[in-house]
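Peer 1: Before I ask anything, let me first share the structure, which is written out below as structure tokens.
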Amino acid sequence: MVLNRINITGRIVTSLILIFLVSCKVEKDASLRNKEVTDLVYPLLDTENSRWFFFSSASRPFGMVNLNPDTEIKGDWGGGYKYTTDTVKGFSHVHEWQMSGLSVMPVTITKGNSENIFSDFYSKFSHESEKIFPGYHSLLLDRYQIKAELTSTKRVGFHKYTFSDSAQKAILFNLNTILGPCENTNGTLEKNNDYELSGSLVLSTNFRRPKPLKVYFKIKFNQPLTSIKRNEATGNYLVSFGKAEEKILMKAGISYTSVENAENNLKQELPHWDFDKVVSDSKAEWDNLLGRIEVEGGTEKDQRRFYTDLWHALQGRKMINDANGAYPDNSGEKFRIGQLPLDSNGKPKFNHYNSDAFWGAQWTINTLWGLVYPEIMDEFVHSLMQYYNDSGMIPRGPSGGNDTYVMTGASATPFIVSAIQKGLVKENLEEIYTALKKNHMINGIMGKAGYEHNTDIGGGLKYYLEKGYVPYPLPDGDFGSHQDGASQTLEYAYQDWTLAQLAKKLYHDEDYNYFINRSKNYQNVFDKTTGWMRPKDAKGKWRENYDPYQYENGFIESNGAQSTWFVPHDIDGLAELMGGKEKAVEKLNKQFETAKDLKYTSGNSHDAELHPEFSRIPINFGNQPSMQTSNIFSLLGRPDLTQYWTRDVVKETFSGLSPATGYNGDEDQGLMGSLNVLLKIGLFQMNGGTDKEAEYQIGSPIFTKVSIQLNPKYYQGKNFIIEAHNNSAENIYIKEIKYNNTPVENFSIPHSAVTNGGKLILEMSNKAKK
């Protein structure tokens, strides 16, 4: 009797504990859901491994202004906001691919610093005083005891500086300096009246952007300035306000076309002085975009990291046109101001963009933007075609109105074809096809190696067309970066296949057959005797003493083991070369088992890829060439291995939430953030969504529920929902799949089904289903 009472009591206690734990979990999940998603973003992620355009706090999505503190001002890599540097060297407005500009610094003037303030104005700060969320950044400048707060609209930076009452208040305009990838020169500042200034500066050239670019700006203050002093030694300006009121507000509108357009940008976007309203509006804009994907389940850390990844996927690649549609065109012999087409309200029909390469976009923004942000993908296609209309060529990495020819190949082709196949772009398809085809032929962009501005030899295209591969080394000599023939061959073959899909759609049958045949050229650099992709010289001789683990040994930012799997358009054909799917699975599985020891990356930064040990890793998720590999297993008939390895990559490589870690490689303006989002929701497109059906491969999501809000302008459905029943850190395998109560085979689902809306139900298990 006593024993029974104890058992009953024990069961009651156990039940109460379970109820308590469940209620805590429900309360925790509810608290996460009730938070605005911007509150979950961790902006400091990976900021120890800084890059000039990597961090952009007080900015709007894709905004021209990217305002934040600079703690390192010299150098593209390691420049901008770097967490480990405790000194603010200015607040600058442009953190962009090969561009920078308009650095300012609030200061106080004393007898001790009045003479040398132009050369000695940096200030220490503490991270403890910082507050950062998308669209806002504040910190305390210890040296001056000034609280600096930053926010922005698309084209206007908004500053709020709180000084001590008795301070002699001033703002230094550091217009002639080095910022990130380029030097700022010829800076001028002119007083228009007691409340307004205007000016400009020139972004000097570098080997990536060989033409100068002018940045114009219009400045407005809420308080009258008392004087402007120009320093002859630096050419910089000190704007003084005397003992003005405690808070000084400053608005800075920028433009790449004229001061007048900078002023118009300011008038159109920020006619008032309500700083808090701009912060709130910016936060709401970010919330709207980030909130299109709602996740439930997982840990709070999982959710915070997820929305940080999504934030990164949307903060790269900035607009360069003014509010009225004027934009800089630097593609011709002389600089000109272009004009975007306007709608009936006088607004630009689309925005024009700077962009780092689309190299690797087939596995990242192609899929994420195409599903969740189709309007953004649509705009970018129109922007790329605007470049074609101006220059006669679709670019692969435009900066300041002209192509930088970053990386290799015709990387924009899969991006544009994916947009067309998904029905996002429906007009002028013949014109687009003509433009894309031009890039794949002699005198097109495929002929140019990285940063090859004045020739088109380094791409080795003539050899690719004559011999079916790009030789390594190129016998003609060095003309650009990344002249790695085996990788170029693989890249061109895939891009040719994507262009063939568009040719087929438009009934260009002869072109379809031509480009399909070219897409098989990857076979010409596969050496069956070794089982690896292997470089050949111009005479057709395999590279001697070939080591597939030697970095950049004929391969771009990778080694032969990593790049052997770069055949996203024909995994079946690749497996056949390897002796069948089972042998291919065995080979790739061994590569993952080896890579696991180094957490699937070549160190924790892009620079570390050159490390003798890290560079020999057989799979590297820290750079684009092999970040698709865990999803290859599904196409080889082993989705269980895709589920296992992808979940382990996410856990070991992409779950960190600190300044010291994050992407463990080359984030490249949102590509790695996009990849992370896709791996974590369990959707992937091996060929970049460029086939007729644009299918998604279904992976193992880390959340119990993912709800994607579909854009009604582009898609019929309202929401696409993924529910992973019994999901956990152990239950990583998919036992059964249903979509709208219909069984799903082959672990794939077409784009059309997804965008019609519905619910994908995954029954999860801790046992693999082969």
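The values are calculated or read from the model by the stated rules, or taken from the named source; none is laboratory data. Bear in mind that the values here come from a model prediction, so they are computed numbers and not experimental data. Here Cβ is always computed from backbone atoms with ideal geometry, including for glycine, and neighbour counts include all displayed protein chains.
Peer 1: Suppose we filter the range 645-661 for residues that are aliphatic (A, V, I, L, M) and in a helix (DSSP H, G or I); how many remain?
Peer 2: Restricting attention to the range 645-661, the residues satisfying the condition of being aliphatic (A, V, I, L, M) are 649-650, 657, 660.
With the extra rule that they be in a helix (DSSP H, G or I), the set shrinks to 649-650.
Summing the residues that are aliphatic (A, V, I, L, M) and in a helix (DSSP H, G or I) in the range 645-661 gives 2.
Peer 1: Looking at the range 676-683, can you tell me whether even one residue there is part of a helix (DSSP H, G or I) and touching a strand residue (DSSP E or B) at 6+ places or on another chain (Cβ under 6 Å)? Before you say what the answer is, go through the steps one by one.
Peer 2: Taking the range 676-683 and keeping what is part of a helix (DSSP H, G or I), we get 676-681.
Within this subset, residues satisfying the condition of being touching a strand residue (DSSP E or B) at 6+ places or on another chain (Cβ under 6 Å) are 678, 681.
Within the range 676-683 (the criterion being part of a helix (DSSP H, G or I) and touching a strand residue (DSSP E or B) at 6+ places or on another chain (Cβ under 6 Å)), the answer is yes, since at least one residue qualifies.
Peer 1: Which residues, counting only those in the range 213-231, are assigned to a loop (DSSP other than H, G, I, E, B) and surrounded by fewer than 16 Cβ atoms within 10 Å (Cβ to Cβ)?
Peer 2: If we filter the range 213-231 for residues that are assigned to a loop (DSSP other than H, G, I, E, B), which is where we start, we get 222-226, 231.
Result: 222, 224, 226, 231.
Peer 1: Now, a different point. Please go through the range 47-67 and give me each residue that is within 14 Å of residue 97 (Cα to Cα) and among the aliphatic types (A, V, I, L, M), ordered by number.
Peer 2: 64, 65
Peer 1: Give the number of residues within the range 199-212 that are among the polar types (S, T, N, Q) and surrounded by 20 or more Cβ atoms within 10 Å (Cβ to Cβ).
Peer 2: First, the residues of the range 199-212 that are among the polar types (S, T, N, Q): 200, 204-206.
So of that shortlist, the ones also surrounded by 20 or more Cβ atoms within 10 Å (Cβ to Cβ) come out as 200.
Qualifying residue count for the region: 1.
Peer 1: For residue 384, only one of the following conditions fails: (1) aliphatic (A, V, I, L, M); (2) touching a Pro at 6+ places or on another chain (Cβ under 8 Å); (3) in a loop (DSSP other than H, G, I, E, B). What is its number?
Peer 2: Of everything listed in (1) aliphatic (A, V, I, L, M); (2) touching a Pro at 6+ places or on another chain (Cβ under 8 Å); (3) in a loop (DSSP other than H, G, I, E, B), residue 384 misses just condition (3).
Peer 1: Also: Could you check how many residues of the range 367-402 are crowded, with 24+ Cβ neighbours inside 10 Å and charged (D, E, K, R)?
Peer 2: Residues flagged as crowded, with 24+ Cβ neighbours inside 10 Å and charged (D, E, K, R) within the range 367-402 amount to 1.
Peer 1: From 753, 768, grab the single residue that is assigned to a loop (DSSP other than H, G, I, E, B), in contact (Cβ under 8 Å) with a residue 12 or more places away in the chain and among the small types (Gly, Ala, Ser). Break it down stepwise before answering.
Peer 2: Working: 753 fails: assigned to a loop (DSSP other than H, G, I, E, B).
Only one candidate qualifies: 768.
Peer 1: If you don't mind, there's one more thing I want to ask. Could you tell me which residue of the range 94-114 is surrounded by the most Cβ atoms within 10 Å (Cβ to Cβ), considering only residues that are assigned to a loop (DSSP other than H, G, I, E, B) and over 23 Å from the mean Cα position of the chain (by Cα)?
Peer 2: Narrowing the range 94-114 to residues assigned to a loop (DSSP other than H, G, I, E, B): 97-98, 109-114.
After this cut, where a residue has to be over 23 Å from the mean Cα position of the chain (by Cα) as well, the list is 109-114.
Working: 109: 17, 110: 11, 111: 7, 112: 8, 113: 15, 114: 12.
Going through the qualifying residues, I end up with 109.
Peer 1: Here are 198, 227: which of them is farther than 15 Å from residue 104 by Cβ and either free of Cβ contacts under 8 Å to residues at least 12 places away in the same chain or not charged (D, E, K, R) (or both)? Before the answer, list the steps.
Peer 2: Details: 198 fails: farther than 15 Å from residue 104 by Cβ.
That would be 227, the only listed residue that is farther than 15 Å from residue 104 by Cβ and either free of Cβ contacts under 8 Å to residues at least 12 places away in the same chain or not charged (D, E, K, R) (or both).
Peer 1: Determine which single condition residue 591 fails, assuming it passes every other condition in (1) part of a helix (DSSP H, G or I); (2) crowded, with 24+ Cβ neighbours inside 10 Å.
Peer 2: (2)
Peer 1: Hey, among 582, 552, 576, 544, which residue is surrounded by fewer than 21 Cβ atoms within 10 Å (Cβ to Cβ) and under 26 Å from residue 654 (Cβ atoms)? Give the derivation first.
Peer 2: Working: 582 fails: under 26 Å from residue 654 (Cβ atoms); 576 fails: under 26 Å from residue 654 (Cβ atoms); 544 fails: under 26 Å from residue 654 (Cβ atoms).
Answer to the check: 552.
Peer 1: So for the range 709-719 (the condition being within 24 Å of the chain's Cα centre (by Cα) and among the hydrophobic types (A, V, I, L, M, F, W, C)), does at least one residue qualify?
Peer 2: Looking for residues that are within 24 Å of the chain's Cα centre (by Cα) and among the hydrophobic types (A, V, I, L, M, F, W, C), one finds at least one in the range 709-719, hence yes.
Peer 1: Can you find a residue in the range 174-189 that is under 22 Å from residue 275 (Cα atoms) and touching a residue at least 60 places away in the same chain (Cβ under 8 Å)?
Peer 2: Within the range 174-189, the subset under 22 Å from residue 275 (Cα atoms) is none.
No, there is no match, as no residue in the range 174-189 is under 22 Å from residue 275 (Cα atoms) and touching a residue at least 60 places away in the same chain (Cβ under 8 Å).
Peer 1: Continuing with this model, one more query. Based on this model, can you work out whether residue 252 counts as on the phi < 0 side of the Ramachandran plot and in contact with a His (Cβ under 8 Å, 6 or more places away or on another chain)? Don't jump to the end; show me each part of the working.
Peer 2: Details: on the phi < 0 side of the Ramachandran plot: yes; in contact with a His (Cβ under 8 Å, 6 or more places away or on another chain): yes.
Answer is yes for this residue.
Peer 1: Taking only the range 325-347 into account, find how many residues are in contact (Cβ under 8 Å) with a residue 12 or more places away in the chain and either out of contact with any strand residue (DSSP E or B) (no Cβ under 8 Å at 6 or more places or on another chain) or under 25 Å from residue 212 (Cβ atoms) (or both). Talk me through it step by step, then tell me what you get.
Peer 2: Going through the range 325-347, the residues in contact (Cβ under 8 Å) with a residue 12 or more places away in the chain turn out to be 325-332, 335, 337-342, 346-347.
Narrowing further to those that are either out of contact with any strand residue (DSSP E or B) (no Cβ under 8 Å at 6 or more places or on another chain) or under 25 Å from residue 212 (Cβ atoms) (or both): 325-332, 335, 337-340, 346-347.
Qualifying residue count, the range 325-347: 15.
Peer 1: Looking at the range 315-344, which of its residues are at pLDDT 95 or above and either among the β-branched types (Val, Ile, Thr) or in a helix (DSSP H, G or I) (or both)?
Peer 2: 320, 337
Peer 1: Among the residues of the range 380-404, how many are touching a Ser or Thr at 6+ places or on another chain (Cβ under 9 Å) and within 19 Å of residue 370 (Cβ to Cβ)?
Peer 2: Number of matching residues: 5.
Peer 1: Consider the range 175-207. How many of its residues are in a loop (DSSP other than H, G, I, E, B) and touching a His at 6+ places or on another chain (Cβ under 9 Å)? Full working, then the answer.
Peer 2: First pass over the range 175-207, keeping only residues in a loop (DSSP other than H, G, I, E, B): 175-176, 181, 194-195, 204-207.
With the extra rule that they be touching a His at 6+ places or on another chain (Cβ under 9 Å), the set shrinks to 207.
Residues meeting the conditions: 1.
Peer 1: Checking the structure you have, find out if any residue of the range 481-495 is surrounded by fewer than 23 Cβ atoms within 10 Å (Cβ to Cβ), farther than 24 Å from residue 366 by Cα and either within 30 Å of the chain's Cα centre (by Cα) or modelled with pLDDT of 95 or more (or both).
Peer 2: Yes, that holds for at least one residue.
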